[in-house]
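One structure is given here, and the rest of the page talks about it.
The values are calculated or read from the model by the stated rules, or taken from the named source; none is laboratory data. Keep in mind that this is a model prediction, so the values were computed, not measured. Note: ideal-geometry Cβ built from the backbone for every residue, glycine included; neighbour counts use all protein chains shown.
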Amino acid sequence: MDTTSRLLMFLDVVELGNFAKVAESHRIDRSVVSKQMNKLEEELGVRLLNRSTRTISLTAAGAEMVKKATEMRFLLSETIQIAENYHTEPRGLLKITSSAIIGRRYLLPVINDFQKRFPQVEVELNLEDRMVDIVGEGYDLAFRIGQPKVSNLISRQLARNRLVILATPEFLQTYGEPATLEELAKLPAASYASNTLRIDEVSYINDQGAEVAVPIHSTFRSNDGDAIRLKALSGSTYFLTPAFLVSDEIKQGLLTPILTHIKLPEFNHLYAIYPHRELPVRTQLFFDAVREFIGKDKPIWENNIPGFDSMYQ
C-alpha cells in the first residue's frame, strides 16, 4: 500500500470513527488498518491520531492532514472520472445503495436492462434501510425516501410519493367502511415502527388548509413495508402506505382505497444522492435510466392505483 492509499484509509478512519468499521468496509483485519496508520505516521514524521482503548481523536497535525487528504481524494476522483469519460463504452464498478423495497421493485429492472446494454459495467447493489456513509463506503449513487440531512452530498428529487389508505374487501365487510378519519381511528391498523421512526397517527389537511393528526389503533407494527402490506392483505387490518408500496393488488381487487375524499399530505419524495456534482459516464447513464423507468412527471407506481389523480387531493 502506497502513501496515497494510506491517506485515503486515514480519511476512512476519521469519517467512520474507528479501526473496526474501516476494517469491515475494506474486508480486512483490524490489525491491518492499525498497521497502515502507523506506517503513514512514520512516512509523514508526525502523529496523526491519539489512540486509547476505546476512542481515537485527531492531533493538530491530523486535523490539517484531513483537509489535504480530502482535497486529494476529490482530485483523484475527478481524475478517474475524466479518464472514464473518454471510454467509448461505460465500464467499471457501479456501487449503489438503496432501501430494500425501492431496490427490489424499481432498481433491479433497470440494472438488468442496463447490464444488457453495457456488459462491461459491474453493479454492486446494497439493500438496507440505514443511511450509509456514501463517501466513506465508496458509493456512487444512493436512492432514499426523504431528502438527506448531510449538506456535503448532492441530492436530486426523482419522484413524488403520495399516500393512500387501503383495506381488503373482507376487512370492510367485517368492520364496515369508515366515513371519517375518526371512525377509521377506531379500527385495527398495521403501521410502520422502527428504532428511529414510529407511525402512530394519520395526518390530513382540513378545510382551513392546516395539517391535523388523528391517532390510529395499531394492532400490528413492523419496520418492513412488505410485511405491513401482507398483514393488511390478510384482512385483519387496514394500512396507510406510500404509493410506491402498491403493486397490482388494487387492480386485482385485493385492496380497496378508502376515505379517498380526505386530503392527505404528500409523503417524503424519492431522492437520488451522490457525492460529487459531476457524475462519471456510467453513473450518469444509470441515473438517467432510473429516472426514465420511474417516470419524470408521474411516477410508475401511481399507474397501479386506478383513478389516483382524483384521490386524496
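General observations
- Failed condition for residue 309, given (1) out of contact with any strand residue (DSSP E or B) (no Cβ under 7 Å at 6 or more places or on another chain); (2) assigned to a helix (DSSP H, G or I); (3) in the same structural domain as residue 188 (by TED's automatic domain parsing); (4) of a type outside the set (A, V, I, L, M, F, W, C): (3)
- Count of residues meeting criterion [in a helix (DSSP H, G or I) and more than 23 Å from residue 76 (Cα to Cα)] in segment 25-37: 5
- Yes/no for residue 196 being exposed (fewer than 13 other Cβ atoms within 10 Å of the Cβ), of a type in the set (Ser, Thr, Tyr) and free of Cβ contacts under 8 Å to residues at least 60 places away in the same chain: yes
- With respect to the conditions (1) under 22 Å from residue 132 (Cβ atoms); (2) in contact with a Pro (Cβ under 8 Å, 6 or more places away or on another chain); (3) not polar (S, T, N, Q), residue 290 falls short on a single one, namely (2).
- Conditions (1) in contact (Cβ under 8 Å) with a residue 40 or more places away in the chain; (2) under 18 Å from residue 165 (Cβ atoms); (3) outside any loop (DSSP other than H, G, I, E, B); number of the one not met by residue 221: (1)
Conditions (1) surrounded by fewer than 20 Cβ atoms within 10 Å (Cβ to Cβ); (2) among the aliphatic types (A, V, I, L, M); (3) in the same structural domain as residue 154 (by TED's automatic domain parsing), marked per residue:
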site	(1), (2), (3)
178	yes, no, no
188	yes, no, no
205	yes, yes, no
210	yes, yes, no
213	yes, yes, no
244	no, no, no
274	no, no, yes
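- Among the residues examined, residue 291 does not qualify as surrounded by fewer than 17 Cβ atoms within 10 Å (Cβ to Cβ) and modelled with pLDDT under 90.
- For residue 267, the criteria (1) among the aromatic types (Phe, Trp, Tyr); (2) surrounded by fewer than 17 Cβ atoms within 10 Å (Cβ to Cβ); (3) within 27 Å of residue 185 (Cβ to Cβ) hold in every case but one, which is (2).
- Of all residues in segment 280-298, those that are more than 17 Å from the chain's Cα centre (by Cα) and either closer than 22 Å to residue 249 by Cα or touching a residue at least 12 places away in the same chain (Cβ under 8 Å) (or both) total 8.
- In segment 77-184, counting only helices (runs of 4 or more DSSP H) that sit wholly within it, the ones holding 2 or more residues that are under 30 Å from residue 236 (Cβ atoms) and either modelled with pLDDT of 90 or more or in contact with a strand residue (DSSP E or B) (Cβ under 6 Å, 6 or more places away or on another chain) (or both) span 169-175, 181-184.
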